[in-house]
Amino acid sequence: MERATSNSAPALAGAPLGQTVRYRDHYCPELLFAVPRQAKREELGLQAGAPLPFFGGDVWNAVEISWLDARGKPVVALGRFAVPADSPCLIESKSLKLYLNSLNQTNFPDARAVAATITADLSGAAGAPVQVAIWPLRDLPERRFAAPPEGVCLDALEIDVDVYDAPRAAFLRVREEAPEVCETLYSQLLKSNCLITRQPDWGTLVVRYRGQPIEREGLLRYVISFRQHCEFHEQCVERIFCDIQRRCAPRELTVYARYTRRGGLDINPLRSTRADFVFPQGDDIRQ
């Protein structure tokens, strides 16, 4: 697998993002491009070798998977990949798209063989076991849309906004005299930009926590302040988690985002203080 170096700029120098590339339609695992997580985590004060303040992972949904069966007949399928948050590397999204397309003219005996191949390749790129599920469309897999999160949507709050260029953690405050609450807050106004191409990334952000009440207007301003910020999806969610944890000190915290699809892939990172937190089932209406 092609590996990136520890510094964030050299780490992305060979990435296919933002470059004209030739599509390969025969199995080519070397297309996968891994980006070490640590460089960005150091920006958040997370030192190498120290325990991470969160559990979780990155759930990818893929809707453009195809290969040839043993007789040369095409098979089309859906896929889901779960990359653990404690893996040394994340997988750059365009490289994953290119890799999946390299299966298009490759023969496999069945879907289990495809899943086993993808599992080995993604686990090798991430540096940790990746869970893979593949569902051929001929088996009529079900796909459900999730209802809005069971919580409070912040988006109707009447606020003035003039900060869009970078995340402003100073917007995050708690109501110090108020009693502790356990609540879910969410916003569909999350937008950030790709770290390399600057193309927009759209998502729904969900914050579940137990602790002193977070000021909702400040949280919404904070979410909107990502609007022109450039980072990968996984990095944005980790930044949000760390900022809320440091500024608001909840006793329990879970942050996850459902990003819209690009290139047949959507990415859904989740970070939580709870090791047993399960990513909610179903897809966002915009996915």
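The values are calculated or read from the model by the stated rules, or taken from the named source; none is laboratory data. This one's a predicted model, so the numbers in the text were calculated from it and none came from an experiment. Every residue, glycine among them, receives a Cβ derived from its backbone with ideal geometry; neighbour counts consider all protein chains shown.
Return a yes/no flag: does the stretch 204-213 have any residue that is assigned to a strand (DSSP E or B) and out of contact with any Ser or Thr (no Cβ under 8 Å at 6 or more places or on another chain). Steps first, please.
The initial filter retains those residues of the stretch 204-213 that are assigned to a strand (DSSP E or B), namely 204-211.
In the following step, the residues that additionally are out of contact with any Ser or Thr (no Cβ under 8 Å at 6 or more places or on another chain) were identified as 210-211.
Yes, the stretch 204-213 contains a residue that is assigned to a strand (DSSP E or B) and out of contact with any Ser or Thr (no Cβ under 8 Å at 6 or more places or on another chain).
If a residue has to be within 21 Å of the chain's Cα centre (by Cα) and either of a type in the set (D, E) or surrounded by fewer than 12 Cβ atoms within 10 Å (Cβ to Cβ) (or both) to count, how many in the stretch 138-149 make the cut? If you could, list the steps in order and put the result at the bottom.
Here is the first cut: in the stretch 138-149, the residues within 21 Å of the chain's Cα centre (by Cα) are 143-149.
Add one more test, that the residue is either of a type in the set (D, E) or surrounded by fewer than 12 Cβ atoms within 10 Å (Cβ to Cβ) (or both), and what stays is 143-145, 147.
Matching residues across the stretch 138-149 total 4.
Checking each residue in the stretch 42-82 for being more than 23 Å from V255 (Cβ to Cβ), of a type outside the set (D, E, K, R) and over 17 Å from the mean Cα position of the chain (by Cα) picks out G49, I65, S66, W67, L68, A70, G72, P74, V75, V76, A77, L78.
Cβ-Cβ distances below 8 Å connect the following pairs, each with a first residue in the stretch 107-127 that is touching a residue at least 24 places away in the same chain (Cβ under 8 Å), a second residue that is surrounded by fewer than 19 Cβ atoms within 10 Å (Cβ to Cβ) and assigned to a helix (DSSP H, G or I), and a separation of six or more residues or different chains: F108/T117; D121/P29; G124/P29. In the stretch 171-193, the count of residues that are assigned to a helix (DSSP H, G or I) and modelled with pLDDT of 95 or more is one or more.
Residues are listed down the side, and each one gets a yes or a no for (1) part of a loop (DSSP other than H, G, I, E, B); (2) surrounded by 15 or more Cβ atoms within 10 Å (Cβ to Cβ); (3) assigned by TED's automatic domain parsing to the domain that holds R208:
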| residue | (1), (2), (3) |
| --- | --- |
| D121 | no, yes, no |
| P129 | yes, no, no |
| V132 | no, yes, no |
| E158 | yes, no, yes |
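In the stretch 160-182, the residue that is nearest to L220 (Cα to Cα) out of those that are touching a strand residue (DSSP E or B) at 6+ places or on another chain (Cβ under 8 Å) and buried (at least 16 other Cβ atoms within 10 Å of the Cβ) is L172.
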